[in-house]
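The block underneath contains the structure these notes are about, expressed in structure tokens.
The values are calculated or read from the model by the stated rules, or taken from the named source; none is laboratory data. As the structure is a prediction and not an experimental result, all values here were calculated from the model. As a convention, Cβ positions derive from the backbone with ideal geometry for all residues, glycine included, and neighbour counts pool all protein chains shown.
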Amino acid sequence: MKTFMDMFKRALLLTVLIVPAFAGNTSNYTYLALGDSVASGFDPTITSPAPSKYIGYPEITAGVLNLLQSGKEVNASCPGETSGTYLMGGTGNGCQAFRDAVGLHTNYTGTQSSFAVSQLQSNKHIDVVTLGIGGNDLLLLQQSCSTAASFVLCVTAALPGVLQTYGANLTQILTELRVQAGYTGTIILVEYAAPNNNPLFIEAVEALNSVMVGVGTPFGARFADGFTAFQIASAFYGGDPCAAGLLVRLSATTCDVDPSRAGQDLLAATVLFAVGNVH
């Protein structure tokens, strides 16, 4: 089954590499990555954690595009960042604590929002921005319902409010990028993959991705379909991304919610496809 996943990733990468990747002068290209632990490449099994030990899809994407050696990739992502803390700071799901204890790929003060806007205002060579945000909004919902009498009923009741808040936050985030920062280049929103084959979790992630697409489309965003990619690659494993090797393994039978290196490779392939599909 590993052969299927390898063939899938290689086929997708090959599709990307034969498509003209960029319009304009690629020598001035700069890639700004924004988001949470998925974009940061967070791996809870790494001992003596340091930002350089985490490899996320932005670093893999930049490596394929030969941007790492030239220093043209900037990754501002923060593990534990929610759509709300991206904008306003705060506790969220542990972003600030992680920044204080470990540090980020890119050190900056203030919110990820303010950093992104300042970068786009000052660096007109940025051609592509990727953003993966919202997964921690769902994780906080999961945590809040963990002690409820009925986890399913709790999630079902609270999910619409979480999605409404997420949609409002994402609208503000994209407005800042397009209007406040004046950025007219490519924005790629990275859709989330379900962390398991539980129908409730799949439904919640699909709903979040649906809001992402609905909000992002009017802003001219493109989408990296991590959800479908993980579903295809997990098909021969009962739809379980843990069994398929796409998530960080914690034990023989359990996984973290964050992607493994194989999962990050697959996400990078979807990002590369979106980058290469510029008309």
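Inside the stretch 134-153, can you point out the residues that are free of Cβ contacts under 8 Å to residues at least 40 places away in the same chain and in a loop (DSSP other than H, G, I, E, B)?
Selection gives 146, 147, 148, 149, 150.
Every residue in the stretch 177-197 that is more than 17 Å from residue 267 (Cβ to Cβ) and in contact with a Gly (Cβ under 6 Å, 6 or more places away or on another chain), please.
Of everything in the stretch 177-197, just one residue is more than 17 Å from residue 267 (Cβ to Cβ) and in contact with a Gly (Cβ under 6 Å, 6 or more places away or on another chain), namely 197.
Each row is one residue, and each column tells you yes or no for (1) touching a Cys at 6+ places or on another chain (Cβ under 8 Å); (2) closer than 24 Å to residue 216 by Cα; (3) at pLDDT 95 or above.
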position: 79; (1), (2), (3): yes, yes, yes
position: 83; (1), (2), (3): no, yes, yes
position: 87; (1), (2), (3): no, yes, yes
position: 90; (1), (2), (3): no, no, no
position: 113; (1), (2), (3): no, yes, yes
position: 116; (1), (2), (3): no, yes, yes
position: 124; (1), (2), (3): no, yes, no
position: 133; (1), (2), (3): no, yes, yes
position: 140; (1), (2), (3): no, yes, yes
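Suppose we filter the stretch 88-113 for residues that are under 13 Å from residue 169 (Cα atoms) and either among the acidic types (Asp, Glu) or over 16 Å from the mean Cα position of the chain (by Cα) (or both); how many remain?
Residues in the stretch 88-113 being under 13 Å from residue 169 (Cα atoms) and either among the acidic types (Asp, Glu) or over 16 Å from the mean Cα position of the chain (by Cα) (or both): 2 in total.
Mind listing whichever residues of the stretch 179-204 are hydrophobic (A, V, I, L, M, F, W, C) and surrounded by 16 or more Cβ atoms within 10 Å (Cβ to Cβ)?
181, 187, 188, 189, 190, 193, 194, 201, 202, 204
Output the residues belonging to the stretch 228-251 that are farther than 16 Å from residue 44 by Cβ and of a type in the set (A, V, I, L, M, F, W, C).
Listed by number, the residues that qualify are 229, 230, 232, 233, 235, 236, 243, 244.
State which residue is surrounded by the most Cβ atoms within 10 Å (Cβ to Cβ) when the search covers only the stretch 92-133 and only residues that are small (Gly, Ala, Ser) and not in a loop (DSSP other than H, G, I, E, B).
132
Might you check whether a residue that is on the phi > 0 side of the Ramachandran plot and under 18 Å from the mean Cα position of the chain (by Cα) occurs anywhere in the stretch 171-178?
Within the stretch 171-178, not a single residue is on the phi > 0 side of the Ramachandran plot and under 18 Å from the mean Cα position of the chain (by Cα).
Might you let me know whether the stretch 58-73 holds any residue that is closer than 15 Å to residue 108 by Cβ, β-branched (Val, Ile, Thr), buried (at least 16 other Cβ atoms within 10 Å of the Cβ) and touching a residue at least 24 places away in the same chain (Cβ under 8 Å)?
Within the stretch 58-73, not a single residue is closer than 15 Å to residue 108 by Cβ, β-branched (Val, Ile, Thr), buried (at least 16 other Cβ atoms within 10 Å of the Cβ) and touching a residue at least 24 places away in the same chain (Cβ under 8 Å).
Which residue out of 171, 175, 156 is assigned to a helix (DSSP H, G or I) and over 26 Å from residue 258 (Cα atoms)?
Only one candidate passes the filter, namely 175.
So is residue 244 in contact (Cβ under 8 Å) with a residue 12 or more places away in the chain, outside any helix (DSSP H, G or I), among the aliphatic types (A, V, I, L, M) and surrounded by 24 or more Cβ atoms within 10 Å (Cβ to Cβ) or not?
Taking the combined requirement at face value, the residue satisfies it.
Considering only the stretch 168-178, I want to know if a residue exists there that is buried (at least 19 other Cβ atoms within 10 Å of the Cβ), in contact (Cβ under 8 Å) with a residue 40 or more places away in the chain and not aliphatic (A, V, I, L, M).
Step one: filter the stretch 168-178 for residues buried (at least 19 other Cβ atoms within 10 Å of the Cβ), giving 169-170, 173-174, 177.
Retained after the next criterion (residues that are in contact (Cβ under 8 Å) with a residue 40 or more places away in the chain): 169-170, 173-174, 177.
Checking the rest, the ones that are also not aliphatic (A, V, I, L, M) come to 169.
Checked the stretch 168-178: at least one residue is buried (at least 19 other Cβ atoms within 10 Å of the Cβ), in contact (Cβ under 8 Å) with a residue 40 or more places away in the chain and not aliphatic (A, V, I, L, M).
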